[in-house]
Amino acid sequence: MNEITQIHTGKSTGLRTGWWNPDLEPEEFRRLGYQAVDMMADYFASIRDRPVFPGKSSQAVADAFNEPLPLTGQPADQILRDWPARVLPYATHLGSPRYFGYVNGSGTMLGVLAEALAASVNMNAGGWKAGPAATEIERRTIAWIAELIGYPIGCGGLFTSGGTMANFTALQTGLRNIAPYDLTADGLQSETRRGKYLVYMADHEGHISIERVADLLNLGRRAVRRVPSRKDFTIDPEALETMIRADRARGDHPFCVVAQVGSINTGAIDPLEEIADICERNELWFHADGACGAVGAMLPEKKEMYKGLDRADSVTLDPHKWLFIPYECGCLLVREPEKLRRAFSLSASYLRGTLPTEYTGLDYFEYGPQMSRGFRALKVWMTLRHYGVEGYRKLLRQGIRCAERLDERVRASDEFERLHEPNLYIYSFRYAPLVDRELAQRSKWDRARVDARLDRLNQRIADEIQARGIAFIMTTRIRERTVLRMSICSHRTTLADIDAVFDALTQLGREISGEED
Ligand SMILES: Cc1ncc(COP(=O)(O)O)c(C=O)c1O
């Protein structure tokens, strides 16, 4: 056997001379792997019956893991046993059909298996050479997603850790491509440049991640201009254009408009066609933040709401939200791939080699902020193939139907107040018994008193339903009032869950308001 064959077969002398091989033996790996799969299968079988939230204090959770650095190794069996014994009791179950927090998706089972498989090969989807299959699966899945939502399939794009990083990548690309000079070398730090770069979004429903992005780009959070919204929580296009023109006349540099495509509190979709026109007229980057709702464009019956999405320069959509892919998985589509490259391309001899070769692979590190990248695409690729477009359409319709049911229950009750039309799957409403609403009409003073009491009540209801593990519901602020908010972003939620949760909310509302009287 020559030296190369010896290395290839693992029989080289180095492996026989007491060198530590920390891998598990194949049979041992198989046994532990089966155990882990059994744990996951048991978990999924019981997920519906578990309290959604552990209801423990943050100190209690911290104490549960307060242990010294392990100086010597521990048996794998013992470590695995800690999963059901020590980790699960302190978990919030985002996969529960009664989890309605933030905009968190539920996690598909095939996605779970994909995560394990991707980790086993451990490809790096940053550079083509470190992940040829990972790269091509990502490229293909991105094209599928574009086709799914009716975006030009020649677009570029990539998977990111989440919506915030997708928004960051989009706005960085917009800034680099709209600025009249090359920002690559000096960035914005030039004494000859005057005026501020500004980005625009709706005042009520514009998502805070855009302020984070302005921060990351060192534009400052005040670079995000909040545009008045209309009654239905969508941006007012006239006010938008007026602001852009006034800012430009003052010497600032408007560069981007961010449209909400499924907004954080009400699922509202901004008027995309009008925003596209405004961006075209004013030569601005049109970014559609569809982290929550862009994938709804796959539904033929919702086509009208999404008109103009295909005109966006970039679109954020989060597979870890409404495609139910396990964390983390955000996604960005950019109409012209070359613009992404212009924003992120870099080179070094150790990245690509110095001599000309046949190497024509796509290096994702040239198209986004990360260099090393996980094989996120696999879980999307596998789940999308498993459900197919038809399966996903069914799931999205079920979520929308759940939000509509919630709205029906709110409208039929004297104890809750309706705040908006059910748009997609995010729905906000208020515990506000009719007697209180009537009392609030009497005078300004009564209104302030009633509102303060209802704000407190709604918060207490959300806290209590969490603490009792019945459901995970949070509050938000809608037009200065504290209200209940449910993001029905689980592929497991049924109408029966919605009814049960609404009944529990009604019961809690009565109980807590009785205590306060
Ligand atoms: C509209 C919108 N954009 C961006 C984000 C940020 O996404 P992520 O939490 O995945 O970073 C969210 C999160 O809920 C969102 O609702």
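The values are calculated or read from the model by the stated rules, or taken from the named source; none is laboratory data. Remember, it's a predicted structure, so these values are computed and weren't measured experimentally. Neighbour counts run over all protein chains shown; Cβ positions are idealised from the backbone, glycine included.
Looking at Ala496, Ala432, Ala471, Ala412, just one residue is more than 29 Å from Glu304 (Cα to Cα), loosely packed, with under 15 Cβ neighbours inside 10 Å, at pLDDT 95 or above and not charged (D, E, K, R), and that residue is Ala496. The single residue among Gly105, Gly73, Gly111 that is in contact with a Ser or Thr (Cβ under 9 Å, 6 or more places away or on another chain) and assigned to a loop (DSSP other than H, G, I, E, B) turns out to be Gly105.
Pick out the one residue from Gly107, Gly111, Gly162 that is within 15 Å of the ligand (Cβ to nearest atom), closer than 30 Å to Lys302 by Cα and in contact with a Pro (Cβ under 6 Å, 6 or more places away or on another chain).
Within the list Gly107, Gly111, Gly162, the selection yields Gly107.
Rundown of residues vs (1) touching a strand residue (DSSP E or B) at 6+ places or on another chain (Cβ under 9 Å); (2) among the acidic types (Asp, Glu); (3) within 20 Å of Ser106 (Cβ to Cβ); (4) without any contact (Cβ under 8 Å) to a residue 12 or more places away in the chain, yes/no style:
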{"site": "Thr476", "(1), (2), (3), (4)": "yes, no, no, no"}
{"site": "Val483", "(1), (2), (3), (4)": "yes, no, no, no"}
{"site": "Ile488", "(1), (2), (3), (4)": "yes, no, yes, no"}
{"site": "Asp497", "(1), (2), (3), (4)": "no, yes, yes, no"}
{"site": "Val501", "(1), (2), (3), (4)": "yes, no, yes, no"}
{"site": "Thr506", "(1), (2), (3), (4)": "yes, no, no, no"}
{"site": "Ser513", "(1), (2), (3), (4)": "yes, no, no, no"}
{"site": "Glu516", "(1), (2), (3), (4)": "no, yes, no, no"}
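Among the residues making up the stretch 315-335, a single one is aromatic (Phe, Trp, Tyr) and within 10 Å of the ligand (Cβ to nearest atom): Tyr327. In the set (1) surrounded by fewer than 20 Cβ atoms within 10 Å (Cβ to Cβ); (2) of a type outside the set (Val, Ile, Thr); (3) away from the ligand (no atom under 16 Å from the Cβ); (4) under 30 Å from Gln459 (Cβ atoms), His93 fails one condition alone, (1). Cβ-Cβ distances below 9 Å connect the following pairs, each with a first residue in the stretch 364-375 that is without any contact (Cβ under 8 Å) to a residue 40 or more places away in the chain, a second residue that is part of a helix (DSSP H, G or I) and surrounded by fewer than 24 Cβ atoms within 10 Å (Cβ to Cβ), and a separation of six or more residues or different chains: Glu366/Arg341; Glu366/Phe344; Glu366/Leu351.
Do we have Gln74 as surrounded by 13 or more Cβ atoms within 10 Å (Cβ to Cβ) and over 30 Å from Gly163 (Cα atoms) here?
Answer is no for this residue.
For the stretch 175-198, the count of residues that are of a type outside the set (Asp, Glu) and within 16 Å of the ligand (Cβ to nearest atom) is zero. Being among the basic types (Lys, Arg) and either more than 24 Å from the chain's Cα centre (by Cα) or not in a helix (DSSP H, G or I) (or both) holds for only one residue in Arg30, Arg48, and it is Arg30.
I'm checking my understanding of the structure. Among residues of the stretch 248-268 that are part of a strand (DSSP E or B) and more than 11 Å from the ligand (Cβ to nearest atom), which one is nearest to Arg226 (Cα to Cα)?
Val257
Return yes when Glu211 is within 13 Å of the ligand (Cβ to nearest atom), within 21 Å of Ala276 (Cα to Cα) and at pLDDT 95 or above and no when it is not. So Glu211 does not fit the description; no. Thr357 falls short on exactly one of the conditions (1) in a loop (DSSP other than H, G, I, E, B); (2) at pLDDT 95 or above; (3) away from the ligand (no atom under 16 Å from the Cβ), and that condition is (2).
Do we have Ala288 as free of Cβ contacts under 8 Å to residues at least 40 places away in the same chain, farther than 14 Å from Thr160 by Cβ and within 16 Å of the ligand (Cβ to nearest atom) here? Yes: the conditions hold for Ala288.
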